[in-house]
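So the structure is just underneath, and the comments pick up after that.
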Amino acid sequence: MTHHLVPTCADLASDVVVDAFDDMVNPPGLTNHWAVAQVDHDVVAVRSLNVPPVSQGDSISGQLYLGGRLARSFGAAVSVRWRPDRVERATTIDGWEITTVTVCPPGEPGVSVSIEVTETTGADRDLRLGLWLASTVTKQAGPWRSAEPPQAPNTITRAGARVIGTDGSATAVQELVRPDGARLLEGPAHVVEAVLEVAAGATVAFGFVHAVAAEPAEAALVADRLVAGLPDAARASEVEWDRQIAAMFDPDDDEFGGALPVLETDDEALRRLYWWGAVGVLWFKRDNPASVLGRTYDTLMPRYWQTTTFIWDYSLSSQVHALLDPGVMRRQIAHWVGLDIDKHFGTEWLTGGPVGYWYSVNHYAMTRLVRDYVAFTGDRDFLEESLTTADGVTQRLADDVRAWSRAWHRIRSTSGLADYGEIDNLLECVSSYVHEVASLNAANVWCLRTAAGLADLEGAPGEAATLRAEADELVALVKDLYIPGAGFYHARQPDGSLTPTRHCYDFATVGTTIAADLPASTRDEMVRFFTQELRTPSWMRALSPYDADAGYSLRADHQWNGAYPAWPPDAARSAIALGHPEVVLEWLPGLARSANQGPPGQAHFVEEAAEPVNGGARKTPPQFPYLIDWSCSSAGSWVELVISGIFGVHVDWDGTVTANGCVDGLDPGAALRGLRVGGISYDVVDGQVRRS
């Protein structure tokens, strides 16, 4: 299928980001859904090349030498542009204009960099060009349970322009690819240099390839293929990425088990944010033969938590997974049911085992995943499937949903609300957002009502009434945490004291779960708080700078200086549910400006914390104290904002589709085409849901 409203790699290209070795730049990542890598601040260098179970860790290789000198020591800025299929970089040093194109070639466990150097002074000159090559490659076939991928000391040897690194368990082969006539220089194993006479104004082509594999012979063969394919690598990557992007919107393409609807709109911001979210999920697809779970979707890349899928983040893209790849989602849900979701935050796919500690959101996240999967696919047989939990309990998935809706009873305090634990169980970098928080207690109301809807579906109206009555009782307790006139909530501590918490997670979760239970005055006050203390022109703060905990951390995903990528779209859906779509529609152009640096980052800075990039909120860098990865799989929350927030689409347990959105205030002619629910294709046009 070819559709003029389906993007290509060229449509998704980022703005140029200028990297002057500035610590406020997070360099772009690359993937071919098997290998993952990140370019570095240098015009050639690549870091974090990982093809699990083989890993280079976070080592940097391919740093450019020019004229015998480390190129970055000249202090020249590097211009960087990302596309799904490549990263383009350029700089000028000592009269040499250097441009590179870096790709993870389709189907290869490695990365290749095409290098073009143009003489710009108008004189014939000798070009001395080299690369600093490092290797920390290792194979760790067991679980990867740390944020940083594994690496090990290597023995490095050189044969001509090729450098081989190994720790005995895996091998990396790297090569400086030279044009005809370039003469290799003698030197240490880790610095490969060549000299070539270049005519005035002429352009010469070099290259850098980096392959990893468990076996030395395989690594050498991969390197050979990368060298031979270097001239066509960028085009091959573009063709494959364009194919996969198109497949996301084509129900007849077997790349995925489903498809996303096509958005028709004249509103550039709406279209850009929809594409941003959709491709931001595709970015995390992993088709690694080492996965015991088959196809998976990672959560972060390219630097941290490779092989790990977090339950929370996956649930924030729940609608995309249900629409796009429902078979993978079904398998992932079943796998998580078989583990103890009270003891970990996710799983890694090399062994299928658990990772990390308990995240308080898990029961809400799992309920959301099952509801969306069944509602959108119509696969009610999944509810009847018997699954065995980690403690040996075997029951229907439908009964798991019921159990999750009341799991909070086990941690209920004397106040009647659930105590969701300490900082690591919640937001990790907001010390006051602990224990009895409004967000997840409101989510418990939603889970009870969702379980009630399931009881109705199964013909148990008495049970449904009991669940709804319990939800109504719980709503009153959640409302007691509200601070009248303030627009935000307390968090109750174990000693009964109340701590005001000006955090967006309360705003977003309360608004998207119990908005209809709140009086109009509370809804208005919450939105006023959001617009005055959290919303910024092109992004938002996760925590108000007026909050007493704002000085605790600089981790921008949940603090005052930025926000995690799902918080703006979830806050927007909350504002719509609270009765104020206008504050969202006027915000969209600014948010769309932030879709200009590749897929959504794990966090973006607000404007006061870092200079925006062409008006878009700058991605937060990875180093301490920020500790933020370049991209995050909760990107699908932007798709949900468009489908469920702006178009107002709701799909019930039984597959009934309704729409009551605010898109008319933005683009009255906008439409969603090919929304597939239960095997039936619908269009959402003029506020109406019609069969396609």
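Brief remarks on what is shown
- Within the range 644-659, the residues that satisfy the criterion of being at negative phi, touching a residue at least 12 places away in the same chain (Cβ under 8 Å) and touching a helix residue (DSSP H, G or I) at 6+ places or on another chain (Cβ under 8 Å) are Ser644, Gly645, Ile646, Phe647, Val649, Val651, Asp652, Trp653, Asp654.
- When restricted to residues that are exposed (fewer than 14 other Cβ atoms within 10 Å of the Cβ) and in a strand (DSSP E or B), the range 182-201 contains 2.
- Applying the criterion of being over 25 Å from Ala617 (Cα atoms) and among the basic types (Lys, Arg) to the residues of the range 485-544, the residue that is surrounded by the most Cβ atoms within 10 Å (Cβ to Cβ) is Arg492.
- Hey, Arg555 outside any helix (DSSP H, G or I) and either touching a helix residue (DSSP H, G or I) at 6+ places or on another chain (Cβ under 7 Å) or surrounded by 17 or more Cβ atoms within 10 Å (Cβ to Cβ) (or both) or not: yes
- In a residue-by-residue description of the range 15-24, the property of being at pLDDT below 95, among the aromatic types (Phe, Trp, Tyr), in a loop (DSSP other than H, G, I, E, B) and surrounded by fewer than 23 Cβ atoms within 10 Å (Cβ to Cβ) applies to at least one position.
- The range 286-320, subset among the aliphatic types (A, V, I, L, M) and part of a helix (DSSP H, G or I), residue farthest from Glu640 (Cα to Cα): Ile311
This table checks each residue for (1) among the aliphatic types (A, V, I, L, M); (2) part of a strand (DSSP E or B); (3) out of contact with any Ser or Thr (no Cβ under 6 Å at 6 or more places or on another chain).
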position: Gly57; (1), (2), (3): no, no, no
position: Arg81; (1), (2), (3): no, yes, no
position: Glu88; (1), (2), (3): no, yes, yes
position: Val111; (1), (2), (3): yes, yes, yes
position: Pro143; (1), (2), (3): no, no, no
position: Ala152; (1), (2), (3): yes, no, no
position: Val163; (1), (2), (3): yes, yes, yes
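- Boolean, Gln559 is at pLDDT below 95 and more than 15 Å from the chain's Cα centre (by Cα): no
- Trp336 being of a type in the set (Phe, Trp, Tyr), closer than 19 Å to Pro84 by Cβ and modelled with pLDDT of 95 or more: no
- Only one entry in Leu221, Leu176 is surrounded by fewer than 17 Cβ atoms within 10 Å (Cβ to Cβ) and either without any contact (Cβ under 8 Å) to a residue 60 or more places away in the chain or within 19 Å of Asp42 (Cα to Cα) (or both), namely Leu221.
- Some residue of the range 155-172 being within 30 Å of Asp124 (Cα to Cα) and of a type in the set (A, V, I, L, M, F, W, C): yes
- Here Pro179 passes the criteria (1) within 29 Å of the chain's Cα centre (by Cα); (2) closer than 30 Å to Glu240 by Cβ; (3) part of a loop (DSSP other than H, G, I, E, B) except the one numbered (1).
- Only a single criterion out of (1) of a type outside the set (Gly, Ala, Ser); (2) over 20 Å from Arg541 (Cα atoms); (3) crowded, with 23+ Cβ neighbours inside 10 Å is not satisfied by Val657, namely (3).
- Among the residues making up the range 242-285, those that are of a type in the set (A, V, I, L, M) and part of a loop (DSSP other than H, G, I, E, B) are Met248, Ala259, Leu260.
The values are calculated or read from the model by the stated rules, or taken from the named source; none is laboratory data. These numbers come from a predicted model, not from an experiment. Every residue, glycine as well, gets a Cβ built from its backbone with ideal geometry; the counts of neighbours run over all protein chains shown.
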